[in-house]
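Participant: Quick one: the structure is below, and I'll ask about it shortly.
What follows draws every value from the coordinates through simple rules; no lab data is involved. What you see is a predicted model; the values in this text were computed from it and never measured. Cβ coordinates were reconstructed from backbone atoms using ideal geometry, including for glycine residues, and neighbour counts include every protein chain displayed.
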């Protein structure tokens, strides 16, 4: 995986986690944001315990939840675009000079 794919947040996470051991705080905050954004039940105490005790589980749950939500959102957009072709994105041309 190229280093560019991690971006600044990934590097910051790595530095904080390796130097202090408190990288779980970022997972804790992300977990709360995801729960709030998608209306998922839960609380701060459970988020903190999960992020602190099982960081790989937390990150996998984040990935899975975001993938599911994005698929539902974009899947719905595909259905709307099929019903209303005027909303479809214009096709990209392979040769911009033509």
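Participant: If we count other beta carbons within 10 Å of each Cβ, what is the order of 57, 48, fewest first?
Facilitator: Numbers: 57 12, 48 17.
Fewest-to-most ranking of 57, 48: 57, 48.
Participant: Take 13, 38 and order them by how many other Cβ atoms sit within 10 Å, fewest up front. Mind showing how you got there, number by number?
Facilitator: Numbers: 13 18, 38 12.
The order, fewest Cβ neighbours first, is 38, 13.
Participant: Further question on the same structure: For each of 50, 58, 20, count neighbouring Cβ atoms within 10 Å of the residue's Cβ, then give the residues from fewest to most. Each step should come with its number before you reach the end.
Facilitator: Values: 50 18, 58 21, 20 9.
If I rank by nearby Cβ atoms, fewest first, I get 20, 50, 58.
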